[in-house]
1. Among the residues in region 4-16, are any within 30 Å of ALA272 (Cβ to Cβ) and within 16 Å of the ligand (Cβ to nearest atom)?
2. Quick check on region 264-282. Is at least one of its residues within 20 Å of LEU163 (Cα to Cα), in contact (Cβ under 8 Å) with a residue 12 or more places away in the chain and either touching a Leu at 6+ places or on another chain (Cβ under 6 Å) or buried (at least 21 other Cβ atoms within 10 Å of the Cβ) (or both)?
3. Could you check, for region 299-311, whether at least one of its residues is in contact with a strand residue (DSSP E or B) (Cβ under 8 Å, 6 or more places away or on another chain), among the hydrophobic types (A, V, I, L, M, F, W, C), farther than 17 Å from LYS174 by Cα and in a loop (DSSP other than H, G, I, E, B)?
4. Would a scan of region 57-72 turn up a residue that is part of a strand (DSSP E or B) and either in contact with a strand residue (DSSP E or B) (Cβ under 9 Å, 6 or more places away or on another chain) or among the basic types (Lys, Arg) (or both)?
5. Looking at this structure, is LEU163 under 23 Å from LEU261 (Cβ atoms), surrounded by fewer than 19 Cβ atoms within 10 Å (Cβ to Cβ) and within 21 Å of the chain's Cα centre (by Cα)?
6. Just one of (1) at pLDDT below 95; (2) of a type in the set (Gly, Ala, Ser); (3) closer than 28 Å to ILE245 by Cα trips up ALA60, so point out which.
Amino acid sequence: MPELSKRTAGFTDSVIRRMTRIANKYNAVNLSQGFPDFDPPQELKDALKTVAGGSLHQYAITWGAQNFREALARKQSKFMGTEIDPETQIVVTCGSTEAMIAAMLTVVNPGDKVVVFSPFYENYGADAILSGAEPIYVHLNPPHFNFDVEELEAAFKQHPKALILCNPSNPSGKVFSRAELQIIADFAIKYDTFVITDEVYEHIVYEPYEHVYFASLPGVADRTISCSSLSKTYSITGWRLGYAIAPPRITENIRKVHDFLTVGAAAPLQEAAVTALNFGDDYYRDLQAHYAAKRDFFLQGLKKLGLKHTVPQGAYYIMADISEFGVTDDLKFCEWLAQEIGVAAVPCSSFFKNNVNHLIRFHFAKNIETLAEALKRLERLQSIARPEW
Ligand code: GLN
């Protein structure tokens, strides 16, 4: 038989998504892959019902339905503080996953370097492989996940084509300050680099932190591709609606990549989602409060369990330290945790460039009752007999 492509030879499947399958197998409380167990707003479900009974069941315009782009442009112009043109600056994609890979394929040539902060969301590793890019990793150093400016400049001195910025950051929960973003912006201009952002947690930020859109900093909009999605903001991860916002010159080519990859995001779902894009400011305030309550509840629970953990400034992930269990293989530990304790987490070795085996990631986008059940199950961690790792 002929060999499969070299491109995919080094690929593993996504460990995040694999953990969901493991959670299902053992009927574990799934705090691994980040998605809610609660419903989207009722208006949104009603809108979908109405759309399903109508006649919008064929392709939308490949780069996004007109009314969806108009509603998105209005919402993002307000939050980002810059005027976004729905005609020339938006590509609607199948989740921000597609937005990110389409952006990478648009700006990166095989062999180009791309700066990635570590820990990083695991898709960026795959995006680099698919686009032929070589990642240069810059460390985010715990506990505050700050970067070292000299290390960052050393990365820029290697003339990367792009930098990937996940803000608020998965899995660290870091929210980059305006001053930090300005440092990145200055280097991006000085070294003539694109910046591809992943801002899917833009509306999930905890006081006193605030989300600053990278593209809103002076002088960088022309080199920034802002990717995000509706998944987390409106609790519709299964709808797969994402987007890239960029200057017209870049958008034009992202649209072509997107067209040949997927043709387009689901037309009826775009139509229904316009309802969400038109929500007022109170929706976003309530969302923050909703997640802040979950965060506090889960953090308190972990504290009671005596597990050392990170405190997120944004997004909905917590990294817990499992060193005390003498683990050398965090993946094995997570499989054991799902099977024996009944809670699924993601082994953080999938998020770090260096060899990290003592951290696991929980997410808390779940009903309080679900989180309470997970915490109750985790109590057994201290008493249960552990295997020889
Ligand atoms: N962002 C989510 C996570 O990190 C998952 C997204 C996905 O699986 N596409 O768990």
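1. Checked region 4-16: at least one residue is within 30 Å of ALA272 (Cβ to Cβ) and within 16 Å of the ligand (Cβ to nearest atom).
2. Of region 264-282, the ones within 20 Å of LEU163 (Cα to Cα) are none.
No.
3. yes
4. Taking region 57-72 and keeping what is part of a strand (DSSP E or B), we get none.
Taking every residue of region 57-72 in turn, none turns out to be part of a strand (DSSP E or B) and either in contact with a strand residue (DSSP E or B) (Cβ under 9 Å, 6 or more places away or on another chain) or among the basic types (Lys, Arg) (or both).
5. Values: under 23 Å from LEU261 (Cβ atoms): yes; surrounded by fewer than 19 Cβ atoms within 10 Å (Cβ to Cβ): no; within 21 Å of the chain's Cα centre (by Cα): yes.
For LEU163, the condition - under 23 Å from LEU261 (Cβ atoms), surrounded by fewer than 19 Cβ atoms within 10 Å (Cβ to Cβ) and within 21 Å of the chain's Cα centre (by Cα) - is not met.
6. (1)
Yes/no per residue for (1) more than 16 Å from the ligand (Cβ to nearest atom); (2) aromatic (Phe, Trp, Tyr); (3) not in a loop (DSSP other than H, G, I, E, B):
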residue	(1), (2), (3)
SER32	no, no, no
LEU48	yes, no, yes
SER77	yes, no, yes
MET100	no, no, yes
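Okay, residues lined up against (1) assigned to a strand (DSSP E or B); (2) within 16 Å of the ligand (Cβ to nearest atom); (3) surrounded by 24 or more Cβ atoms within 10 Å (Cβ to Cβ); (4) among the basic types (Lys, Arg):
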{"residue": "VAL200", "(1), (2), (3), (4)": "no, yes, yes, no"}
{"residue": "HIS211", "(1), (2), (3), (4)": "no, no, no, no"}
{"residue": "LYS232", "(1), (2), (3), (4)": "no, yes, yes, yes"}
{"residue": "SER235", "(1), (2), (3), (4)": "no, yes, no, no"}
{"residue": "GLY238", "(1), (2), (3), (4)": "no, yes, no, no"}
{"residue": "GLY242", "(1), (2), (3), (4)": "yes, yes, yes, no"}
{"residue": "ARG249", "(1), (2), (3), (4)": "no, no, no, yes"}
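The values are calculated or read from the model by the stated rules, or taken from the named source; none is laboratory data. Computed from a predicted structure; not experimentally measured. A quick note on method: Cβ atoms are made from the backbone with ideal geometry, for glycine too, and the neighbour counts reach across all protein chains shown.
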